[in-house]
Amino acid sequence: MSKPNFFEDIQAKINQVIENSPAKDIEKNVKTMLGQGFSKLDLVTREEFDVQAQVLATTRAKLEALEARVTELEVQLKRT
């Protein structure tokens, strides 16, 4: 048995023991509890955040364009 196969074999056996142990149930329970806790915190998903970031960027660009246009119109108004 070569060393890489030995370590792979040990890792496979450890994974099998963990799969069949209460540790797996504990992991599932902890994930469920964390999920419930996070849902109560009124958090947003990454997708929602990305969408809102894009909306903000678009709005900011429009605002900058409008500010430039207002400045241009003010200059024209002062000339007349």
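Where a number appears in this text, it was derived from the coordinates with a stated rule and is not lab data. Bear in mind that the values here come from a model prediction, so they are computed numbers and not experimental data. So basically every Cβ, Gly included, is an ideal-geometry build from the backbone, and we count neighbours across all protein chains shown.
Among Pro22, Ala68, Phe6, which residue has its Cα positioned farthest towards the positive end of the charge dipole of the chain, with +1 placed on the Cβ of Lys and Arg, -1 on the Cβ of Asp and Glu, and the dipole taken about the Cα centre?
Farthest towards the positive end: Ala68.
With a ≥ b ≥ c the root eigenvalues of the C-alpha gyration tensor of the chain, is it rounded (a/c under 1.5), prolate (a/b larger than b/c) or oblate?
Judged from the Cα gyration tensor, the chain comes out oblate (a/c at least 1.5, b/c at or above a/b).
What residue among Ala12, Ala23, Ala57 shows peak mean-square fluctuation when the chain is described by a Gaussian network model with Cα springs under 10 Å?
Ala12
At 0.36 nm per residue, minus the direct Cα-Cα distance, what do Leu66 and Lys40 gain on full extension? Give it in nm, one decimal, please.
Gain in length upon complete extension: 5.4 nm.
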